[in-house]
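This report concerns only the one structure given below.
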Amino acid sequence: MAPELTRLATGIPELDAVLRGGLLRNRIHLIEGRPGTGKTTLGLRYLIEGIKAGDSCLYLTLSESADELRATAHNHGWSLDGIDLVEMLPLPPGAPAPQTILLPTESELSELVDRLAERVERSGAARVVIDSMVEIRLLARDSAHYRRQIIALRQRLTQMGASVLLLDDVTSDPPDFDLQSAAHGVIALEQMERSFGAARRRLRVVKLRGGDFQSGWHDYAILTGQVLVFPSLIAQEHQRDCPALEICSGIERFDALFGGPLTAGSSTMILGPSGVGKTTLALQYALATVRAGHDVGYFNFDESETTLRSRVVAHMGEGEVENDGSNEDGEHPRHFHLRRVNPSRISPGEFIWSVRRLVEDRNARLIIIDSINSYLDIIREEKSLLPQMHELFSYLSNMKVMAIIVGAHSARLDTSKEPDALSIITDNIISLRYYERDNVVHKAICVLKKRQGKHAPDIHALELTEEGVRIGARIDVADREAGASPLEA
C-alpha cells in the first residue's frame with residue numbers, strides 16, 4: 001500500500017484551504033506566472049513558515065542576489081534568519097564565459113542540474129525554493145533536452161526527501177508545458193490590468209498529483225507583510241443552523257404592503273432611480289435588525305463613509321455603529337458594521353471574502369449591498385454577475401442570512417439587462433419611483449414580487465422624513481388620470 005501523503009503549510013492559510021491542507025510533502029511543486037505576480041514573495045512565505053515549523057530551509061537563487069531577497073523580505077517586515085540563501089550562477093565561479101555565437105551544450109545544463117542537486121543534498125534542507133527556472137531553460141537546446149534534465153532533477157530531489165518549490169517566469173505566449181508535466185503540483189499566478197484602478201491578481205491550482213484541491217480561479221492580494229488569498233465561494237460547502245429570524249421594517253403600512261417581515265435566508269432587491277429613498281428603506285431594515293440584537297453588515301460602494309455614517313448615526317445613534325471593530329471602551333463590537341468599498345481597488349473574490357468574514361466571524365444576520373451597480377464595475381470584465389451573485393445568495397441562504405441589494409435604475413424593469421437581471425434570482429423585489437402630479441415630483445413605492453407569501457399589488461405614495469420612511473395613500477387610477485405619470489429620468 002502506498003504511504004499516505006502528508007501536507008505542508010505554505011504560510012498562507014487561505015491558500016492552504018484552496019490546497020485542502022497545503023502542499024504535498026516530499027514533492028516538487030511549480031509556481032509559475034509572469035514577472036510581478038508574486039512568485040518570490042510566495043517562495044519566501046513558504047520558507048518562513050518552514051522555519052516556524054522547525055524545518056531546515058534553503059533558497060537557491062539563479063537570478064536575484066541574496067541582498068535583493070533580504071531587501072524584499074525587509075519591505076514586508078519579515079526576517080530570513082535561519083534560511084540558507086545561496087546565490088548559484090548558471091556557471092560555476094571561475095568558469096570561462098561561453099561563446100555567445102554557439103548553442104548551449106548538453107554538458108552545461110547537466111552540470112548546473114548536478115550542482116543544484118548536490119547543493120540541496122549537502123544542506124539536508126527539508127524545504128527548498130529554486131528561483132528561477134528560466135535560467136535553466138536558457139541552457140537547454142530544445143524542449144526534449146530541458147524535460148530530460150528536469151525529470152532527472154525531480155527524481156534526485158525527491159529521493160533526498162526535500163519538498164521543493166520551483167519558481168518559473170512565463171515568458172512565452174503561448175506558454176510551454178514541459179515544466180508543468182514534470183512537476184507533481186502546479187500553481188499558476190496571473191495579473192490582469194484593468195482599464196482603471198488597481199490590477200487584479202488571481203491564482204489557480206492547475207494540478208496536485210495525488211492530492212485534492214479546490215479548482216477554479218481565486219483572487220489574491222499582496223500587501224505589506226502578508227499575502228491574502230480569497231478562495232472562490234462554493235455555497236454548498238457552507239451550512240448553519242440558526243434560530244428562525246423574521247424582521248419587519250418597523251413601518252407598519254409598508255409591512256402590510258410587503259405582506260409581513262423579511263425571513264432568514266431571503267434575498268431582496270430594492271430598485272429605483274437615484275435619490276428616491278432606496279438607501280433609507282434599507283437602513284430601516286438595518287435599524288430593526290440591530291434593535292432585535294443581531295449584527296448587520298453594510299457594504300457601501302457609492303456614498304462617502306462620512307456621509308453614510310452620519311445618516312446611520314441619525315437613525316441608530318453612535319452607540320450602535322462599529323468604529324474599528326469595537327467600542328471605545330473595549331467592550332463587545334457594535335452591531336452595525338459599515339464597510340466602505342472602493343470598486344476600483346477591490347476584486348470580486350476579496351469582496352465576497354469580506355462578506356463571509358462578517359457572516360462567519362461576527363454572525364451577521366443581514367447583509368446590505370449598496371449599490372449593485374457599482375459592484376458591477378468590479379466584475380464587468382468577467383461578464384459573470386449572475387453566476388457569482390447566485391452563489392453568494394445561495395451561501396447567505398444556507399447560512400440563514402438575509403440579503404438586501406440596492407440597485408439604481410431609471411427605466412421600467414428590464415430583466416434582460418443588468419442590474420435588473422438579478423431580480424430573476426432574488427426572492428423579493430421592491431420598486432421605488434418618481435411620478436408627477438400637478439407639476440410637482442412625488443415618490444411612489446410598490447412590491448413587485450415576494451416568493452415567500454403574499455403581498456399587496458398596490459402603488460402607494462412614499463415620503464422621506466427626518467424620522468425615516470412614511471407610506472402614504474394608495475395611488476389610484478383617478479390620480480393618474482389627473483396628471484400623475486412615472487418619470488423615467
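The values are calculated or read from the model by the stated rules, or taken from the named source; none is laboratory data. Keep in mind that what you see is a predicted model, and the values were worked out from it rather than measured. Glycine gets a Cβ as well: all are built from the backbone with ideal geometry, and neighbour counts include every protein chain shown.
Results for (1) among the hydrophobic types (A, V, I, L, M, F, W, C); (2) surrounded by fewer than 12 Cβ atoms within 10 Å (Cβ to Cβ); (3) modelled with pLDDT under 80, shown as yes or no for each residue.
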position: 93; (1), (2), (3): no, yes, yes
position: 97; (1), (2), (3): yes, yes, yes
position: 106; (1), (2), (3): no, no, yes
position: 129; (1), (2), (3): yes, no, no
- Residues in the stretch 181-204: is at least one in a helix (DSSP H, G or I), assigned by TED's automatic domain parsing to the domain that holds residue 16 and at pLDDT below 95? yes
inquiry  = Being in the same structural domain as residue 168 (by TED's automatic domain parsing), over 23 Å from the mean Cα position of the chain (by Cα) and on the phi < 0 side of the Ramachandran plot is the requirement here; does residue 24 meet it?
reply    = yes
Condition set part of a loop (DSSP other than H, G, I, E, B) and surrounded by 13 or more Cβ atoms within 10 Å (Cβ to Cβ), scope the stretch 70-91, selection modelled with the lowest pLDDT: answer is 91
**OP:** Inspect all residues belonging to the stretch 18-29 and state whether any of them is surrounded by fewer than 22 Cβ atoms within 10 Å (Cβ to Cβ) and in a helix (DSSP H, G or I).
**Re:** no
